[in-house]
Amino acid sequence: MTMRLPLLLLLVYPLQVPAQMVPGYVRVETNAPGAVVWADSVRLGPAREGGWHLEAGQYRLTLVEDERAWQPRTADTTLGVRPGDTATVRLDLPVRYRIESVPFGAAVAIERAGHREPLGVTPLVLDRGGGLMGALVLEREGYHPAQLTPGDSLFNRHVVLLQPLRPGDVTEAEGVWMPSRPRRTWVDLAAGAVALAGTGVAIYYKFQADEVDDRYRSPDSPERGDPVLREEALRLDRYSAAALAVGTVSFGLLGVRLILR
């Protein structure tokens with residue numbers, strides 16, 4: 001009888017768990033469901049997998065785009081977890097813009113309502129808290145300016161082939177008339193053809209490299225992390241760089257010949 005008494009008391013008076021030992025529940029909403037959530041130095045997992053129980057306390061929640069990516073985007077906040085409470089946190093990765101031009105070295109600006117904000121020089125990687133509003137304008141001396149819509153996806157990539165000014169062209173920015181020149185020789189035609197072919201091949205291989213790289217890095221790709229894809233992307237990048245070098249040299253030769261005429 002004496003042994004049964006404690007058991008009976010436990011049934012009548014159940015154990016009381018201290019409030020500070022009751023965990024809280026945390027959910028993360030985001031524009032990047034495949035990104036990984038960390039609580040201080042503890043990896044919780046991809047945001048899409050749902051919420052997590054955390055002991056009561058103060059945490060630094062961090063959302064990381066891809067732990068293996070180069071320059072991964074992150075977002076973080078401080079959260080106090082209370083016993084038994086459910087908290088929903090919004091963490092959005094910044095919108096990334098990758099802007100390239102052929103040839104590179106073009107000034108990039110965003111133009112809206114008559115106001116122009118300089119952003120940098122190509123090749124340019126830009127992170128913003130929200131999508132860019134207005135029009136992207138690319139300008140480089142000796143080439144026609146280019147204008148495009150920036151986009152508002154989580155990742156926006158633009159590759160622009162700038163068109164060189166020809167004799168007789170008038171630039172809108174300068175309003176300068178360039179007099180007509182004598183007709184081109186076969187050297188000019190050959191340099192122009194090589195320049196266009198080189199830049200075209202460079203863009204083709206660059207698109208191919210980025211497509212393979214996306215398959216390697218994308219959280220939703222079944223081939224994510226495959227080292228074979230990484231080597232393939234690097235190989236295509238090398239081809240693109242070589243073709244771009246040929247095209248740039250040919251453009252330079254053509255420009256020098258036009259100036260010296």
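The values are calculated or read from the model by the stated rules, or taken from the named source; none is laboratory data. As the structure is a computational prediction, the values presented were derived from the model and not from experiment. Counting neighbours? That spans all protein chains shown, and the Cβs are built from the backbone with ideal geometry, glycine included. For accessibility, only protein heavy atoms count, side chains too; no ligands or nucleic acids. Shrake-Rupley method; radii C 1.70, N 1.55, O 1.52, S 1.80 Å.
Among the residues of the range 200-215, some residue qualifies, meaning at least one is farther than 26 Å from residue 246 by Cα, modelled with pLDDT under 90 and not β-branched (Val, Ile, Thr).
Of all residues in the range 72-91, those that are free of Cβ contacts under 8 Å to residues at least 60 places away in the same chain have Cβ atoms under 7 Å from Cβ atoms of residues that are open to solvent by 60 Å² or more (accessible area, probe 1.4 Å), 6 or more apart or on another chain, in 73/127; 75/92; 76/60; 78/58; 78/60; 80/58. Summed over the range 143-163, the residues that are of a type outside the set (Lys, Arg) and open to solvent by 40 Å² or more (accessible area, probe 1.4 Å) give a count of 11. Residues in the range 85-108 that are touching a helix residue (DSSP H, G or I) at 6+ places or on another chain (Cβ under 9 Å), more than 27 Å from residue 230 (Cβ to Cβ) and either of a type in the set (A, V, I, L, M, F, W, C) or open to solvent by 50 Å² or more (accessible area, probe 1.4 Å) (or both): 91 only.
Screening residue 60 with (1) more than 30 Å from residue 204 (Cα to Cα); (2) among the basic types (Lys, Arg); (3) at pLDDT below 95 gives one miss only, at (3).
Look through 116, 140, 166, 112 and report the one residue that is crowded, with 18+ Cβ neighbours inside 10 Å and basic (Lys, Arg). When all the criteria are applied, what remains is 140.
Note down all Cβ pairs under 7 Å where the first residue falls in the range 220-244 and is in contact (Cβ under 8 Å) with a residue 12 or more places away in the chain, the second is loosely packed, with under 14 Cβ neighbours inside 10 Å and of a type in the set (Asp, Glu), and they're at least six residues apart or on different chains. Correct list of pairs: 229/223. If the condition is being small (Gly, Ala, Ser), surrounded by fewer than 16 Cβ atoms within 10 Å (Cβ to Cβ) and over 25 Å from residue 36 (Cβ atoms), then the range 199-243 contributes 200, 241, 242.
Scanning the range 117-161 for residues that are touching a helix residue (DSSP H, G or I) at 6+ places or on another chain (Cβ under 8 Å) and more than 20 Å from residue 207 (Cα to Cα) yields a total of 1.
The number of residues in the range 83-116 that are under 26 Å from residue 201 (Cβ atoms) and either assigned to a strand (DSSP E or B) or touching a strand residue (DSSP E or B) at 6+ places or on another chain (Cβ under 7 Å) (or both) comes to 10. Taking every residue in the range 38-65 that is of a type in the set (D, E, K, R) and pairing it with any residue that is open to solvent by less than 30 Å² (accessible area, probe 1.4 Å) and assigned to a strand (DSSP E or B), at least 6 positions away or on another chain, the pairs with Cβ-Cβ distances below 7 Å are 43/36. Please verify whether residue 5 is open to solvent by less than 100 Å² (accessible area, probe 1.4 Å), aliphatic (A, V, I, L, M), modelled with pLDDT under 50 and outside any strand (DSSP E or B), treating the condition exactly as stated. For residue 5, the condition - open to solvent by less than 100 Å² (accessible area, probe 1.4 Å), aliphatic (A, V, I, L, M), modelled with pLDDT under 50 and outside any strand (DSSP E or B) - is not met.
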